[in-house]
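Okay, structure first, notes after.
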């Protein structure tokens, strides 16, 4: 019964994780996680990937003991250990697939080699070792199947495969530690040491064996079997020795670096360090040191739980808690992140149960198969169509039907809110109404609704040739009066107009750098050495482009982000028009219908925002268009006094910004989408009394 | 997030997907059950033609119009209105286009209004019939009164939201009532007798297949279903 409930729980958690994972695939990392430029990785990477791999180490350690050292007594738990390795690495790969920015490029390191990267080695080791694990595990299903030929081949190659697996495992566990060596000055000094690779592999080996012990005990308990306590005691003792070694290297290293002075200074990181040391090493070692405790299942289970939790806490410390303290932002994982972090191990657990129930994972587990239980005799009231025949299917599908909607409601809406599709419409060039292009017909989204802009008349009124720069505020390099649409390329999204890669390449050539990674030498041309490399802190474009690019450059304006076409043009025109309306006594200049022809007939409205245009087949539905127009009107009148475009991308904050721009959101466009749904900002106030009325009347 | 935004956002997605998945689950489970049962009965000759014909008659009970014709007419009208108005109303077509991206044809507002009123009248007539007709009353359970009312509520609140002049509540609260009552219907569809919207064909199939059993099979049904004698381990 406990097993059944546990499976149901795992199924629920796995479904939550599945929905969150799918949402991440479609909506992107920015929309589903709390990750940002400051927090480039989170709990997926640290707990599922780095931590999961660490706990899966039991597989290679025990394979080494059984196949190389020929410790035959450990053989009964070799298979569960291999299962742990296979599932642990499978879970890690899944988490990693979700965690990398472009999941469909997961295969790139296979083809595009970057031997300078620690992660390149980690990738290859994890990939190969996962394959090795799959080969090592494959006899379990194969020996029960008809494919005896394949089974024989697997048996033959198993020797070299085991050796390969051991080598690979040793390599990448230490490499995961080496990875953090890059972050000098970021990780707290209690954890940061050149011995990190050694620490990582020792703690992984110790905790990995304990994970096998824990899993064996839990499985035996769940399936009412007698666990091989003697064997487990030996494994736990070996693990305790490794953990002692780990503790020893840690102490030696701290002494060596002279870091012992900060061990008692009361910083919260120091307290965290102590907690971690006690959980990960002191408690498991002490329990295992007492003969009576290490020979009892309860003692073993306690020691193993602490060791496993301690190893996870260690990875969490190195990867997040002691790492991002300098990040100036707080990382709080989103619900979707937590769902995936919990869901992946749960799914792995379900696969494990399947293996245990269908194949010979445990030697001591063999016994009579569980009975399906009697089927009740047919009575008129018996639900032949329901529970009697379809117990598992009915229950599982019921769980899915309840869990998936809840998960969708939780993850999809929050992701949608930030990625709500605004059509990405490339701005079309304005056409002249005559050959001289004195009057321009501006129809950016080419939907037939246009604004007639008397270009020549504006020019004449404001001073001929000299007046161009009043509106054409910035040129492309070596260009003259660049057209609006060259930078403001999309109707509703801002455009990133700074080509970073191009600048790197040009500078490399210009400065004569050579070598395999010569472009990296150009960083300091714009960024300050030793500081975080960001757009805001980089050298202003004007510094180099004063000669060939005219721009309003006093350093306060960012030149790398061009607002959406509608925002930019509204900002450009409305600001001036409003000013003229006030100062020149021409109030009509500030009205929409000065540019947008707006007559009472709905079909003749010239400007319909593409965001709120009703779908095909609905043009006759007057009420919606009316609503929409009212909304647009309300939005515009609320903004009266300032130009509508001014609260556009200019005041986006940098961190969220880039993510938002990546997802193609302009604030202006977002406001329009909100408007089209009738979610007015002051709506909460308007609704509050009525809700109260409803509640009280009920 | 205010209540209406919550009801239109997360709650709508959750209840809508609950309805879709729940109804799908019923179809899959029933199909699975039919296949399993058919495999274990000795008589495979299921009269599919008759099942199809009876189901069609069940949908449009024209041939049975002689008894209680008004009730049946009201029933047809009630069902037609309940199916057409929520799907093809112009405002809802907007939701269809924005959510799953389906462009549906729409009905005119005048027609939608007329159909809604007719449906409401038919619904109230059916409810009245259930209360005042003795046979109906004695066959009815509490759910039989509750479910029609629950189904009518989104229709009524939607109609009043479209015609604010007649609405006793302000537009926004009427809209909230409309959205919430519709979501209640979404939840009720796969969990109550309303599941007949997808299961009505299975109704006939299961009846037919039950006839395949030998009369008086009684306790041996379990044996038949399992394929082994009673009491044996499987």
Study note, to complete from the structure: Per GNM of chain B with C-alpha springs under 10 angstrom, the most fluctuating residue out of B:54, B:72, B:39 is B:39
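Taking the beta-carbon count within 10 Å as an exposure proxy, list A:317, A:434 from fewest neighbours to most. Present the calculation step by step, with values, prior to reporting the outcome.
Working: A:317 22, A:434 7.
Taking fewest neighbouring Cβ atoms as first place, the list is A:434, A:317.
Report the per residue volume, in Å³, of the convex hull enclosing the C-alpha atoms of region A:490-563.
On the way: hull volume 9.0 nm³, N = 74.
In region A:490-563, the Cα convex hull volume per residue is 121 Å³.
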Check your understanding: region A:229-366: D in µm²/s via Stokes-Einstein (Kirkwood Rh, Cα pairs, 4 °C, 1.567 mPa s)?
Key -> 73 µm²/s
Check your understanding: Considering chain B as a Gaussian network with a 10 Å cut-off on Cα pairs, which listed residue, B:35, B:87, B:121, attains the greatest mean-square fluctuation?
Key -> B:35
Check your understanding: Any idea how far apart residue B:103 and residue A:104 come out in nm if each label point goes 7 Å out from Cα toward Cβ?
Key -> 2.5 nm
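To the nearest 0.05, how large is the calculated FRET efficiency for residue A:441 and residue A:537 if R₀ is 51 Å and r is the Cβ-Cβ distance? Numbers along the way, then the final one.
Values: r = 43 Å, r/R0 = 0.84.
FRET efficiency, residue A:441 to residue A:537: 0.75.
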Check your understanding: Any idea how far apart residue B:31 and residue A:433 come out in nm if each label point goes 7 Å out from Cα toward Cβ?
Key -> 6.1 nm
Point to revise | Most mobile of B:206, B:157, B:63 in a GNM of chain B (Cα contacts under 10 Å) | key: B:63
Review point. What's the Kirkwood radius of region A:33-333 in Å, using all Cα pairs?
Key: 20.1 Å
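Mind running the shape call on region B:21-152? Use the C-alpha gyration tensor, a ≥ b ≥ c as the square roots of the eigenvalues: rounded below 1.5 for a/c, prolate if a/b tops b/c, oblate otherwise. Kindly include the intermediate steps, with their values, before the conclusion.
Working: a/c = 1.96, a/b = 1.20, b/c = 1.64.
Judged from the Cα gyration tensor, region B:21-152 comes out oblate (a/c at least 1.5, b/c at or above a/b).
For region A:270-337, just run the numbers: alpha carbon Rg, then divide by 2.2 N^0.38 Å, N being how many residues it has.
On the way: Rg = 15.5 Å, N = 68, 2.2 N^0.38 = 10.9 Å.
That ratio works out to 1.42.
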Check your understanding: Normalized C-alpha radius of gyration of region A:439-488, against 2.2 N^0.38 Å?
Key -> 1.27
Point to revise | Pairs of Cα atoms farther than 29 Å apart, chain B, % | key: 43 percent
Review point. Label-point separation (nm) for residue A:296 and residue A:268, each offset 7 Å from Cα along Cα-to-Cβ?
Key: 3.7 nm
Check your understanding: Cα atoms only, region A:188-262: Rg and Dmax in Å?
Key -> 16.4, 52
Point to revise | Likely footprinting exposure, B:136, A:261, fewest C-beta neighbours within 10 Å first | key: A:261, B:136
Point to revise | Length added when fully stretched, residue B:20-residue B:70, from 0.36 nm per residue minus Cα-Cα | key: 14.7 nm
Check your understanding: Full extension from residue A:259 to residue A:528: what is 0.36 nm times the residue separation minus their Cα-Cα distance, to one decimal in nm?
Key -> 93.7 nm
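Scale the Cα Rg of region B:134-184 by the rule-of-thumb value 2.2 N^0.38 Å and send over the ratio, two decimals. All intermediate terms of the calculation are to be shown ahead of the outcome.
Working: Rg = 14.0 Å, N = 51, 2.2 N^0.38 = 9.8 Å.
Here the answer is 1.43, to two decimals.
If you rank A:491, B:149, B:107 by fewest surrounding Cβ atoms within 10 Å, what's the result?
Details: A:491 26, B:149 13, B:107 19.
Going from least to most buried by this count: B:149, B:107, A:491.
Suppose R0 equals 56 Å; then what is the FRET efficiency for residue A:576 and residue B:55 from their Cβ-Cβ distance, rounded to the nearest 0.05?
Working: r = 70 Å, r/R0 = 1.25.
Result of the calculation: an efficiency of 0.20.
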Practice item. Compute the whole-percent fraction of alpha carbon pairs in region A:430-548 spaced more than 18 Å apart. Key: 67 percent
Check your understanding: Roughly speaking, what is the stretch gain from residue A:330 to residue A:424, that is 0.36 nm per residue apart minus the C-alpha to C-alpha distance, in nm to one decimal?
Key -> 30.6 nm
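Using 1/(1 + (r/R0)^6) with R0 = 51 angstrom and r between the beta carbons of residue A:518 and residue A:586, what's the FRET efficiency to the nearest 0.05?
Details: r = 59 Å, r/R0 = 1.15.
Rounded to the nearest 0.05, the efficiency is 0.30.
Based solely on its DSSP helices, what 222 nm [θ] is calculated for chain B when runs of n ≥ 4 H residues each add -39,500 (n - 2.57) and the sum is averaged over all residues, nearest 500 deg cm²/dmol? Display every interim value, and only then the final one.
On the way: 11 runs with 172 residues, N = 234.
Helix contribution divided over all residues of chain B: -24500 deg cm²/dmol.
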Revision key, fill the gap. Here the tail fraction of P(r) beyond 11 Å, over all Cα-Cα pairs of region B:51-90, rounds in percent to 67 percent
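Each reported figure results from applying straightforward, stated rules to the coordinates on display, with no laboratory input. Predicted model only: the values in this text are computed from it and were never measured. Glycine also receives a Cβ, built like all others from the backbone with ideal geometry; neighbour counts cover every protein chain displayed.
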